[in-house]
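Asks: Below is the structure I would like to discuss, written out as structure tokens.
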Amino acid sequence: MEAVIDQPTEFEDEKMSSYNHSELQSNLAFLLKLSYRTQYSILTELDFDFASGKARPDLAIMPKRKADWLADEIVVQDVPLTTIEILSPEQSLNSLTERIYKKHFPAGVKSVWLVVPTVQTVSILLPDRRQLNFANGLVADPVTGIQLQLSEIFEG
């Protein structure tokens, strides 16, 4: 009998969840839906097939569109305006930022939120390599106009 070895798919790419990761993902989805549901579609763990490669960000912010309950999409071709990546306990910061700069931005994503749970920070990365770093106060995305209180993101 041959041993079967589970190889991570391109979508998994080192991603392991944890309690804190899940809590942050839920907090962000709730806060974004609460304030921006009429303006944007807020989607969690959605698979994208970008020209630059496959990706599954923790959250994706897209222009508002209605769900078609009769015709689902397993892998989405559209490019989100913003993606949100939460650093997982088993993930290296370098591998995550490399993925952002090699897959998200070349596909046309306009901003990426990089959430680092252990130090309770959010960095908004932009395609021109500028970074906006938030350790307190209001997290403000210049691309989407989205603003959230950092204390509410890390509430719990």
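Asks: Rounded to a whole number of µm²/s, how large is the Stokes-Einstein D of region 34-134 at 25 °C and 0.890 mPa s, given Rh as the Kirkwood radius over C-alpha pairs? If you can, show how the numbers build up before the last one.
Replies: On the way: Rh = 14.2 Å.
Rounded to a whole number, D works out at 173 µm²/s.
Asks: What figure, in Å² to the nearest 10, do you get for the accessible area of Y101 with a 1.4 Å probe and non-protein molecules left out?
Replies: The accessible area of Y101 comes to roughly 50 Å².
Asks: Quick check on region 19-92: take the gyration tensor over C-alpha atoms, sort the square-rooted eigenvalues as a ≥ b ≥ c, and tell me if it's rounded (a/c under 1.5), prolate or oblate.
Replies: Oblate.
Asks: So how far, in whole Å, is the C-alpha centre of region 116-156 from the one of region 42-89?
Replies: So the separation of the two Cα centres works out to 20 Å.
Asks: What's the carbon and sulfur percent of region 61-156's accessible surface, probe 1.4 angstrom, rounded to a whole number? Don't skip to the end; give the middle numbers.
Replies: Working: 2730 of 5310 Å².
Carbon and sulfur atoms account for 52 percent of the accessible area of region 61-156.
Asks: Region 42-102: which GluC sites (Glu not before Pro) are DSSP loop and have at most 14 other beta-carbon atoms within 10 angstrom? Could you put the intermediate results ahead of the total?
Replies: Working: sites: E45, E73, E85, E90, E98; in loops: E45, E73, E90.
Here the GluC sites (Glu not before Pro) that fit, given the DSSP loop and packing criteria, are E45, E73, E90.
Asks: What number comes out for the charge environment of Q77, summing +1 per Lys or Arg and -1 per Asp or Glu over other residues with Cβ under 15 Å away? Before the final figure, lay out the partial values.
Replies: On the way: positive: K54, R56, R65, K103; negative: D47, D49, D68, D72, E73, D78.
Cβ neighbours under 15 Å give a net charge of -2.
Asks: Here is a follow-up. Using a 7 Å offset from the Cα along the Cα-to-Cβ direction at both Q77 and S17, what is the distance between the two label points in nm, to one decimal?
Replies: The two pseudo-label positions are separated by 2.9 nm.
Asks: Under a 1.4 angstrom probe, counting protein chains only, how are I74, I84 ranked by accessible area, largest first? Let's see the in-between values first.
Replies: Values: I74 135, I84 0 Å².
Descending accessible area places them as I74, I84.
Asks: Let me ask something else. Around Q25, what is the net charge, scoring Lys/Arg as +1 and Asp/Glu as -1 over all other residues with Cβ under 10 Å from its Cβ? Let's see the in-between values first.
Replies: Numbers: positive: none; negative: E23, E45, D58.
Charge balance in the 10 Å sphere: -3.
Asks: As a test question: what accessible area, to the nearest 10 Å², does K103 have when a 1.4 Å probe is rolled over all protein chains in place?
Replies: Near enough 30 Å² of accessible area.
Asks: Step through the residues of region 109-125 one at a time and calculate ³J(HN,Hα) from phi using the Karplus curve (6.51 cos²θ - 1.76 cosθ + 1.60, θ = phi - 60°), rounding each to whole Hz and writing x for Gly and Pro.
Replies: 4, 8, 7, 10, 8, 10, 9, 10, x, 5, 10, 6, 10, 10, 10, 9, 9
Asks: Follow-up question, since we're still on this one. Determine the gain in length on full extension of the stretch K64-D47; use 0.36 nm per residue of separation and subtract their C-alpha separation, reporting nm with one decimal.
Replies: Details: separation 17, 0.36 × 17 = 6.12 nm, distance 1.76 nm.
The span from K64 to D47 would gain 4.4 nm if fully extended.
Asks: Counting each DSSP H run of 4 or more residues in the chain as -39500 (n - 2.57), what helix-only mean residue ellipticity at 222 nm follows after dividing by all residues, to the nearest 500 deg cm²/dmol?
Replies: Values: 3 runs with 29 residues, N = 156.
After summing the helix terms and dividing by the residues of the chain, the value is -5500 deg cm²/dmol.
Asks: While we're here: Largest first, what is the accessible-area ranking of K102, K66 with a 1.4 Å probe? Intermediate results must be reported in sequence, preceding the final value.
Replies: Numbers: K102 125, K66 185 Å².
So, going from the largest accessible area down, we get K66, K102.
The values are calculated or read from the model by the stated rules, or taken from the named source; none is laboratory data. Keep in mind that what you see is a predicted model, and the values were worked out from it rather than measured. Methodologically, a virtual Cβ is constructed for each residue, glycine included, from the backbone with ideal geometry; neighbour enumeration extends over all protein chains shown. Accessible surface is based on the protein model in full, side chains and every heavy atom, while ligands, DNA and RNA are left aside. Shrake-Rupley method; radii C 1.70, N 1.55, O 1.52, S 1.80 Å.
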